[in-house]
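The structure under discussion appears below in the form of structure tokens.
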Amino acid sequence: MLNRYIMEQGNIVNHKLFVKEGKTVAFSPEVLGKIQQLILRYPEGQQKSALLPILHIAQEELGGYLSVDVMDYVAGLLGIQPIEVYEVATFYSMFYLDKMGHYVIEVCRTGPCAISGGEMIMEHLRHSLGISPGETTPDGLFTLKEVECLGSCGTGPVMQVNTGYYEHLTPGRVDKILDDLRENANKDKPDDSTWVEKFC
Amino acid sequence: MGGKILLAGIEIPGIRGFDVYRANGGYAAVEKALREMTPAQVNAEVTRSGLRGRGGAGFPTGLKWSFLDRKSDKPRYLICNADESEPGTFKDRYLMHHLPHRLIEGLIISSFALGVKTCYIYIRGEFKYLVGVLEKAIAEAHHHGYLGEHILKTDFSLNIYVHPGAGAYICGEETALLESLEGKRGNPRIKPPFPAFKGLYGCPTVVNNVETLATVGPIIGMGGEEYSKLGKGKSTGTKLISACGNINNPGVYEIELGLPVEDFIYAPEYCNGIANDKYLKAVIPGGSSVPILPADLILSTAKGEKRLMSYESLSEGDFLTGTMLGSGGFIVFDEDACIVRNTWNLAHFYRHESCGQCSPCREGTGWMEKVLYKIEHGQGKMSDIDLLVRISKNIEGNTICPLGDAAAWPVASAIRHFRHEFEEHVLHPAEVLEKERRLSASFAV
Ligand SMILES: Cc1cc2nc3c(=O)[nH]c(=O)nc-3n(C[C@H](O)[C@H](O)[C@H](O)COP(=O)(O)O)c2cc1C
Ligand code: SF4
Ligand code: FES
């Protein structure tokens, strides 16, 4: 029954229903195969459980944020109502509802990081990038965000760039990281494999 | 000290991989449990060990397991809580990163004891890199016949799946976690019914912390009796403490419960003292939700006894002069730390993370943050301090889940022990603001 969902609905939606700005909103066949396996991790009739993992994949594969079209597409894949996807997408801080910069920089603002210099790191980023938290640089390269504890309080201050951790930050190190990112020559960048690659 | 139990072998190169882990005694406990013991015997060993939940509340694990509805004909589930979002806590991440197989081993034995065939590891989405580490460890265990159908040719079958969250502190609360795992918003459920009867998909479910479940392997290996000899009183065994803040050696340490707090803070093998030769001002010993204590009360109890790292000793004096072991997120503040600023910072955290279901929590956390912001930024009144105490009292105990209490306690305890600092902010706003400015300028390199 689950297989039917993904096969039937997957094929229906694949190339016909969801067309945005002339582009089709659909996973590649390989990704779709992986998603089918993910759904089978949950008992029959509980395919909705796969929603969070699939939204992570969707955000990464389909444009960097969850547009209404993408959310509707995911709802179709799982055979649930679009509203069930919207209410989840709006609840969790890792899902973006708007277009983001190429690099999303998320700086931890919570207590332990704050007392080890985190506030200074945010100030430094504001000045270096010329934007406030929640904004994107005009060239579309960086979005700055403030987030809560990242579970890395002993190695603070900490920030994530597109879900990779950068720890023990100093203003000098932040400059170096920004330069590397701009030149796309970031040598010691953290593990940045995709969500699809994460699931065996 | 009792030596390393949970982190044993962590220094061995390659211990993350199956072969090295196995060659160093790994999975022997699984073989012992599945080949030589019945599920009831495994349960009994865990009860005998005195193991208490390492996720925060310290509830005895054997007792929790005994509540599981074993009469129901529905499938049972075991959920490993790897949400780790309590500020100051980063121990589960450390354990999963270095010793993923210790957790897998614990999950297999625990599932065997509970009669579970499907186990989910709910891990916070920010730990994306660990999803790959765990998936790989699970695949290796499958390959070697420790997972899947007929494990070790017995009747026992088990699958473990990793399930990522997506950024919400509240999903660490067990019923919010279950909602999230069902693909919904993380709104905590009203209890009862408890997960032991109606948990995931309405089926009997046990939710345990990563560290709790990882300890089950060593307990079966050494025997519950032996394990219970470690530690002190009802705080048996060892515990991972993640230490951070103004100390010389932040990091994750496995301590035998009952270690004096003073030794933990000052001994070279642990925190190694306060950074930059400053004085100790205060400690939040169990993650940001537990009460903060000033230096004198964290080092010794109000009765003048040495304060120990144990469930009982840390809560000695209740909330008047005590605190809690909680998750073991040990946050240290030096003489320069501003308690008002930190309290405001944490109030912001709880306001941000409130799921918004109950009014006392949704509204109260917002008000506490606003009032604290005012005081911290030199616009407070004396009456605001009592207002904060009143708001915190109105939240405490009046909400669906304990996040409300978790938001109220830090504010109430900061005022209880550091009222003079709040008053100082109200009386001398200009001086306080100037001190802040100089302090933050000193961070600049
Ligand atoms: C707001 C809130 C957040 C929590 N976060 C976590 C968490 O991140 N990890 C965890 O193991 N337990 C967390 N808990 C505790 C869980 O609800 C649950 O008690 C725990 O996972 C049980 O495991 P244990 O018995 O092994 O400690 C949290 C509780 C609350 C109220
Ligand atoms: S106490 Fe707060 S977090 Fe918990 S259910 Fe109520 S509103 Fe949600
Ligand atoms: S406070 Fe920044 S990672 Fe925990």
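The values are calculated or read from the model by the stated rules, or taken from the named source; none is laboratory data. Just so it is clear, the structure is predicted and the values come from calculations on it, not from any experiment. Neighbour counts are summed over all protein chains in view; Cβ atoms, including those assigned to glycine, are modelled from backbone coordinates with ideal geometry. Areas reflect the complete protein model, heavy atoms only, side chains present, ligands, DNA and RNA absent. Shrake-Rupley method; radii C 1.70, N 1.55, O 1.52, S 1.80 Å.
Looking only at segment B:348-373, filter to residues that are among the hydroxyl-bearing types (S, T, Y) and more than 16 Å from ligand 3 (Cβ to nearest atom); which one of those is farthest from A:Y92 (Cα to Cα)?
Of everything passing the filter in segment B:348-373, B:Y373 is farthest from A:Y92 (Cα to Cα).
Scan B:G326, B:G304 and give me the residue that is assigned to a loop (DSSP other than H, G, I, E, B) and closer than 18 Å to B:N209 by Cα.
Only one candidate qualifies: B:G326.
Being in contact with a Lys or Arg (Cβ under 9 Å, 6 or more places away or on another chain), more than 14 Å from ligand 2 (Cβ to nearest atom) and either touching a residue at least 12 places away in the same chain (Cβ under 8 Å) or open to solvent by 40 Å² or more (accessible area, probe 1.4 Å) (or both) is the filter here, so list the residues in segment B:345-368 that pass it.
Once the filter is applied, which keeps residues that are in contact with a Lys or Arg (Cβ under 9 Å, 6 or more places away or on another chain), more than 14 Å from ligand 2 (Cβ to nearest atom) and either touching a residue at least 12 places away in the same chain (Cβ under 8 Å) or open to solvent by 40 Å² or more (accessible area, probe 1.4 Å) (or both), segment B:345-368 yields only B:H348.
Which count do you get for residues in segment B:364-408 that are within 13 Å of ligand 1 (Cβ to nearest atom) and within 14 Å of chain A (Cβ to nearest Cβ)?
So the answer is 4.
Of all residues in segment A:87-116, which are surrounded by fewer than 21 Cβ atoms within 10 Å (Cβ to Cβ) and farther than 22 Å from A:G64 by Cβ?
Listed by number, the list is empty, since nothing qualifies.
Would you mind finding the one in B:R438, B:R416 that is at pLDDT 95 or above and open to solvent by 40 Å² or more (accessible area, probe 1.4 Å)?
B:R416
Scan segment B:118-168 for residues that are within 12 Å of B:M96 (Cβ to Cβ) and more than 11 Å from every other protein chain (Cβ to nearest Cβ) and report the count.
Result for segment B:118-168: 1.
Inspect segment B:77-87 for any residue being more than 30 Å from A:S116 (Cβ to Cβ) and either open to solvent by 50 Å² or more (accessible area, probe 1.4 Å) or not assigned by TED's automatic domain parsing to the domain that holds B:A176 (or both) and give the result as yes or no. Explain how you work it out, then say what you get.
First, the residues of segment B:77-87 that are more than 30 Å from A:S116 (Cβ to Cβ): B:77-79.
Filter again for either open to solvent by 50 Å² or more (accessible area, probe 1.4 Å) or not assigned by TED's automatic domain parsing to the domain that holds B:A176 (or both), leaving none.
No, that holds for no residue.
Please determine, by comparing only the residues of segment A:45-62 that are farther than 14 Å from B:G183 by Cβ and open to solvent by 50 Å² or more (accessible area, probe 1.4 Å), which one is farthest from the other protein chains (Cβ to nearest Cβ).
Selected residue: A:E61.
Kindly provide the set of residues from segment A:93-115 that are in contact with a Gly (Cβ under 7 Å, 6 or more places away or on another chain) and within 7 Å of chain B (Cβ to nearest Cβ), ordered by number.
A:S93, A:M94, A:P112, A:I115
Could you tell me which of the residues B:T47, B:T89, B:T61 is within 14 Å of chain A (Cβ to nearest Cβ) and touching a helix residue (DSSP H, G or I) at 6+ places or on another chain (Cβ under 8 Å)?
B:T89 is the lone residue from the list that is within 14 Å of chain A (Cβ to nearest Cβ) and touching a helix residue (DSSP H, G or I) at 6+ places or on another chain (Cβ under 8 Å).
Any idea how many residues of segment A:133-179 are more than 7 Å from every other protein chain (Cβ to nearest Cβ) and within 16 Å of ligand 2 (Cβ to nearest atom)?
Residues flagged as more than 7 Å from every other protein chain (Cβ to nearest Cβ) and within 16 Å of ligand 2 (Cβ to nearest atom) within segment A:133-179 amount to 0.
Do we find a residue being under 13 Å from the mean Cα position of the chain (by Cα) and not aliphatic (A, V, I, L, M) anywhere in segment A:66-77?
Yes, the conditions are met somewhere in segment A:66-77.
Specify the residue that is farthest from ligand 3 (Cβ to nearest atom); the eligible residues are those in segment B:45-73 that are in a loop (DSSP other than H, G, I, E, B) and aromatic (F, W, Y).
Within segment B:45-73, the match that is farthest from ligand 3 (Cβ to nearest atom) is B:F67.
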